[in-house]
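A quick write-up on the structure given underneath.
The values are calculated or read from the model by the stated rules, or taken from the named source; none is laboratory data. These figures come from a predicted structure and were not determined experimentally. For neighbour counting, all protein chains shown are included, and Cβ atoms are generated from backbone atoms with ideal geometry for every residue, glycine included. For the accessible areas, the whole protein counts, side chains as well, though only heavy atoms, and no ligand, DNA or RNA atoms are used. Shrake-Rupley method; radii C 1.70, N 1.55, O 1.52, S 1.80 Å.
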Amino acid sequence: MLVEKEPRNQVVAATDDLLNLNQIEEAREVIKKYARRTPLVKSMFLSNNVVHGEVYLKLENMQLTGSFKFRGANNKINHLNEEEKQRGVITASAGNHAQGVALTGKLLGIKTTVVMPDEAPQMKRDATRGYGAEVDIHGATFDDAHEWMRERAEKEGKTIVDPFNDALICAGQGTIGLEILEDLVDVETVVVPVGGGGLISGIATALKSINPSIHIVGVQSENVHGMKASVDAGKIVKHHQDFTLADGTDVATPGDITFGIVSKLVDEIVLVSEEEISKAMKDLMQRTKVVAEGAGALPTAALEAGKIDPKWTKDKKVVALVSGGNVDLQRVSQIIDHFFTPVDTHRGAIG
């Protein structure tokens, strides 16, 4: 857990030069004619069987493109000037930010290019092309793709839309925090997936600016957790050990903007195993009828595995963010085969 050294009101103010509530409220006005307001639903399964409190799922898997990433991409691109738009935009992404950029480009008539790593799922590549973007497969990991994206932008004069290390991107993601508070004003704990940190930076800024007592937990995979490693080290470091089911959070190195915000505002970051991610994906499908990709299942995995101290969940009002639902059917089939016998596949209850 991060050690708090300053009163919370001072801590929130200390991040104003990186991101503030006014930027998030402005982002909501910018994106409201494009983005969906996603539902917040109570999970009886997680509430009664896992946490013994009240657990609500914020269903960003129902956002356009199947991921929260559309919010930030849309806000950023809408803030570009005409010259920046005319040059065309370029980004790097394992898939969800790619689709957010591509769809926004299609809606606004802007040419988009996306650099994706070899490990990007095929369905995310196909969806990105389907929205009209040029897809450039380059490098083994996201970090490789990100480096090549910067090289192409410099050579070709394209405008970069960074997937997380940008205040306008973070502000777009922070609109989720505003919606959570409007739907559950007395929320006490919010659990958020973490990759490069744009999502949790925006949400933490929104929540802590309005109610500093809300406990914010980030969740990463044991296999890739650059943000936690950086927070623990007190400086930006890289961590990428192996493949993760949570490909949407497969970011080895956080950005300086997101690292600064997370270091100040996020109360703790916990890690989950690949088996725990897989089980959470299965339980979300079987028990809550929610299709979540690996990254979207990270908060549920942390709750189920007991990675969060019960003092923040038992008898509390908890929100677990389902950040996206872009999982291919082959992955779903593998999870079903892993956990179920043929007869088991017919069991389960809505909760």
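How large is the Kirkwood hydrodynamic radius of the range 195-260, in angstrom, based on all distinct alpha carbon pairs?
Evaluated over the range 195-260, this radius sits at 12.3 Å.
Would the range 209-351 count as rounded, prolate or oblate if I go by the C-alpha gyration tensor, calling it rounded below 1.5 in a/c and otherwise prolate when a/b exceeds b/c, oblate otherwise?
oblate
Using the basic label-point model (7 angstrom from Cα toward the beta carbon), what is the Asp315 to Leu108 distance in nanometres?
With each label point 7 Å from Cα toward Cβ, the separation is 4.9 nm.
With springs only between Cα atoms under 10 Å apart, run a GNM on the chain and tell me which of Gly324, Gly306, Gly174 wobbles the most.
Of the options given, Gly306 has the highest mean-square fluctuation.
So how strong a dipole does the range 10-124 carry about its Cα centre when Lys and Arg Cβ are +1 and Asp and Glu Cβ are -1, to the nearest 20 debye?
540 debye
Per residue, how large is the accessible surface of the chain? Use a 1.4 angstrom probe and give square angstrom.
Averaged over the residues of the chain, the accessible area is 39 Å².
In nanometres, what is the gap between the two model label sites at Asp232 and Glu84, each 7 Å from Cα along Cα-to-Cβ?
3.6 nm
Residues of the range 280-303 with the amide nitrogen closer than 17 Å to a label point 7 Å from the Cα of Arg36, along Cα-to-Cβ, please.
Answer for this model: 285, 289-293, 296-297.
Out of the total accessible area of the range 91-138 (probe 1.4 Å, heavy atoms of protein only), what percent is carbon and sulfur?
Of the solvent-accessible surface of the range 91-138, carbon and sulfur hold 48 percent.
Show me, for the range 80-85, the HN-Hα J-couplings you get by feeding each phi into the Karplus relation (A = 6.51, B = -1.76, C = 1.60, θ = phi - 60°), rounded to Hz, glycine and proline as x.
5, 7, 5, 5, 5, 5
Ignoring ligands, DNA and RNA, what percent of the accessible area of the range 212-351 is carbon or sulfur (1.4 Å)?
Looking at the range 212-351 in its full context, I get 52 percent from C and S.
How much FRET efficiency would the formula 1/(1 + (r/R0)^6) give for Asp16 and Ser213, where r is the Cβ-Cβ distance and R0 is 25 Å, rounded to 0.05?
Result of the calculation: an efficiency of 0.85.
Search the structure for amide H atoms under 5 Å from the amide H of Val115, placed 1.01 Å from N in the peptide plane, and list their residues when 5 or more places away or on another chain.
Result for Val115 returns Thr91, Ala92, Ser93, Asp136.
Using only Cα positions of the chain, each an equal point scatterer, no hydration layer, compute I(q)/I(0) via Debye at q = 0.07, 0.09, 0.12, 0.15 Å⁻¹ and quote the log10 values to two decimals.
These q points yield log10 I(q)/I(0) values of -0.26, -0.43, -0.78, -1.26.
Only sites in a loop by DSSP and with at most 15 other Cβ atoms within 10 Å count here; which trypsin sites (Lys or Arg not before Pro) in the range 260-325 make the cut?
Passing both the DSSP loop test and the Cβ count: Lys289, Lys314.
What are the trypsin sites (Lys or Arg not before Pro) within the range 181-245 that DSSP puts in a loop, where the Cβ has at most 11 other Cβ atoms within 10 Å?
Of the trypsin sites (Lys or Arg not before Pro), the ones in loops of the range 181-245 whose Cβ has at most 11 other Cβ atoms within 10 Å are Lys235.
Where q = 0.13, 0.14, 0.21 Å⁻¹, what log10 of I(q)/I(0) comes from the Debye formula for the range 41-193, counting one point per Cα?
So the normalised log intensities work out to -0.63, -0.71, -1.23.
Using 0.36 nm per residue, how much length does the chain from Glu26 to Leu329 gain when fully extended, once their Cα-Cα distance is taken away?
105.3 nm
Could you work out the local net charge near Pro254, counting Lys and Arg as +1, Asp and Glu as -1, over the other residues with Cβ closer than 14 Å to its Cβ?
Residues close to Pro254 contribute a combined charge of -2.
With a sphere of radius 13 Å drawn around the Cβ of Glu276, what net charge do the other residues whose Cβ falls strictly inside it have (Lys, Arg +1; Asp, Glu -1)?
-2
Which net charge results when you count Lys and Arg as +1 and Asp and Glu as -1 among the other residues whose beta-carbon is under 13 Å from that of Ala229?
So the surrounding residues net to +1.
Share of the range 20-79's accessible area from carbon and sulfur, percent, 1.4 Å?
47 percent
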